[in-house]
Amino acid sequence: MKGHGTGAVMGKSDFLSIAKASLLGAVIAASVAGLAHAADMPAKSPPKKPAPPPPFFFVNDNAVSFTWYPNSTDPGVSGNSNIVPGGVAGMRNSFYRAQGSFDHFDVWEYGTNLIHLEVNQYGKADPILGEPGAVGSREFFGFTRSTLGFNELSHSKAFDTFLTNDVGFEYGFTAGVQNNYLAEQTTQYLVGLNFDLKVPKALGTWLIGILARKEFTHNQFNACGPAGFGDAQSPAAGLGSGTCFGGSTFSGDRDFGWDWNIEMFNSIPLAPTFGEWADPIRFINILDVRGPKGTGISTANCNAVGFGGSCTAPNPFAMGSSAFTNNETKTEVFEDARLSFDTSKIFWSKPGIWDTYVGYRYWYNKFGTNHNAPLFAAVAPGTSIESTAYVGMTYHFK
């Protein structure tokens with residue numbers, strides 16, 4: 001029998017011999033003990049229950065958050081847009097953003113999954129469709145990130161090195177819509193490698209992803225397609241002819257080139273550095289650097305929106321410059337740093353349920369816009385760079 005170390009296979013006669021010997025032993029034991037002592041004999045142990053199977057998710061965290069950003073921007077939206085159509089050229093603009101979000105994070109046998117969904121309500125200085133007096137625009141946005149660890153897939157420690165704990169395949173999807181003056185719709189796909197860096201325990205967790213990204217969007221900047229139920233013209237242009245200056249049409253759909261992305265995440269506990277009093281506090285930082293992705297506008301469409309059918313001629317849709325000048329994208333930098341407090345542990349000694357946080361967000365060339373282009377430097381100055389503190393809280397479902 002396997003696992004008993006006998007070195008031989010037992011036959012039917014062997015089982016019968018053991019059974020008879022066991023039965024004889026039981027009879028002898030019963031006669032010696034006597035019926036009077038039968039009640040004193042220990043009860044037969046119930047059969048041992050098999051161990052429950054391990055859960056599919058080793059970690060399964062679901063949480064809702066609310067965050068308040070008092071100084072957000074929307075690239076290209078000038079100041080006084082809530083009062084004057086198109087705002088006042090040369091006036092910077094900022095407004096609040098109230099964000100509600102849901103996050104799911106899990107760890108399973110071969111990797112991790114993150115799902116983030118959010119809704120953003122913007123202040124009236126960024127009105128719906130750019131219409132003065134309307135309420136602030138609203139945005140729905142979400143993304144996923146998943147990893148497949150090479151150690152887990154290979155059932156080895158081949159990628160546990162002096163530099164990394166693990167290396168994995170990372171992929172994700174991003175989508176969002178906003179009903180501001182651009183009526184944006186964004187879709188992105190990402191794929192690449194994720195590195196779990198080996199750092200001292202006091203430095204917590206450090207992850208870095210090196211990814212390629214493909215983006216498709218629609219927005220009304222430069223759009224001049226056939227009129228539908230509403231005015232299909234660019235709200236920024238305010239025209240209603242239904243066609244571009246070159247006599248053609250441009251729907252506003254944009255197909256950007258592949259770009260590179262570096263995504264870094266680190267979560268550092270403060271207790272190892274500052275002592276036990278700082279145990280409920282963590283420093284969390286997210287840094288994303290994204291390369292230029294072109295204009296997303298084909299030469300044919302660029303010619304269509306150019307004054308006189310030229311991509312390099314002055315273009316009223318591009319605020320007095322060429323079609324490429326305002327649409328050409330640049331390297332984008334996004335950093336979000338926060339101090340997160342495990343508030344439920346501080347007040348009720350129940351860790352991991354309720355977090356509060358205070359942080360700072362810096363967004364350079366927001367959405368890849370060029371902050372030096374005429375639209376973002378002269379017409380709506382400073383709107384492609386967002387710099388804001390913020391506060392918020394998270395509740396984890398337990």
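Things worth noting here:
- Residues considered: GLY76, GLY136, GLY111, GLY123. Of these, the only one that is within 30 Å of PHE173 (Cβ to Cβ), surrounded by 15 or more Cβ atoms within 10 Å (Cβ to Cβ), touching a helix residue (DSSP H, G or I) at 6+ places or on another chain (Cβ under 6 Å) and touching a residue at least 12 places away in the same chain (Cβ under 8 Å) is GLY76.
- The single condition among (1) free of Cβ contacts under 8 Å to residues at least 24 places away in the same chain; (2) in contact with a Pro (Cβ under 7 Å, 6 or more places away or on another chain); (3) aromatic (Phe, Trp, Tyr) that PHE341 does not meet is (1).
- Residue match in region 87-104 (condition: exposed (fewer than 14 other Cβ atoms within 10 Å of the Cβ), of a type outside the set (D, E, K, R) and part of a loop (DSSP other than H, G, I, E, B)): yes
- From the list GLN220, GLN233, the lone residue that is crowded, with 19+ Cβ neighbours inside 10 Å and at pLDDT 70 or above is GLN220.
- Region 331-346, subset assigned to a strand (DSSP E or B) and not acidic (Asp, Glu), residue farthest from GLY392 (Cα to Cα): VAL333
- Only a single criterion out of (1) in a strand (DSSP E or B); (2) in contact with a Leu (Cβ under 9 Å, 6 or more places away or on another chain); (3) modelled with pLDDT under 95 is not satisfied by ASN60, namely (2).
- Taking region 338-351 as the range and being surrounded by fewer than 18 Cβ atoms within 10 Å (Cβ to Cβ) and out of contact with any Asp or Glu (no Cβ under 7 Å at 6 or more places or on another chain) as the test, the residues that pass are LEU339, LYS345, ILE346, PHE347, TRP348, SER349, LYS350.
- Among (1) at pLDDT 95 or above; (2) over 27 Å from THR186 (Cβ atoms), the one test that TYR360 misses: (2)
- Close pairs (9 angstrom Cβ cut-off, 6 or more residues apart or separate chains): over 19 Å from GLU335 (Cα atoms) and without any contact (Cβ under 8 Å) to a residue 12 or more places away in the chain in region 350-364, of a type outside the set (Asp, Glu) and outside any strand (DSSP E or B) anywhere: LYS350/SER344; LYS350/LYS398
- Residues located in region 322-337, provided they are surrounded by fewer than 16 Cβ atoms within 10 Å (Cβ to Cβ) and either more than 17 Å from SER72 (Cα to Cα) or in contact (Cβ under 8 Å) with a residue 60 or more places away in the chain (or both): THR331
- Subset of region 187-202 [touching a strand residue (DSSP E or B) at 6+ places or on another chain (Cβ under 6 Å) and either in contact (Cβ under 8 Å) with a residue 60 or more places away in the chain or more than 19 Å from GLU263 (Cα to Cα) (or both)]: LEU190, GLY192
- GLU215 being within 22 Å of ASN261 (Cα to Cα), assigned to a strand (DSSP E or B), acidic (Asp, Glu) and touching a Phe, Trp or Tyr at 6+ places or on another chain (Cβ under 8 Å): yes
- Taken over region 347-390, the residue count meeting the criterion of being in a strand (DSSP E or B) and not acidic (Asp, Glu) is 14.
- Of all residues in region 112-137 being at pLDDT 95 or above and small (Gly, Ala, Ser), the one that is farthest from ALA63 (Cα to Cα): ALA125
- Residue that is farthest from ARG145 (Cα to Cα), among those in region 262-313 that are modelled with pLDDT of 85 or more, surrounded by fewer than 16 Cβ atoms within 10 Å (Cβ to Cβ) and of a type in the set (Ser, Thr, Tyr): THR273
The values are calculated or read from the model by the stated rules, or taken from the named source; none is laboratory data. Values in this document were obtained by computation on a predicted structure and should not be read as measured data. Cβ atoms come from the backbone with ideal geometry, glycine included; neighbour counts cover every protein chain shown.
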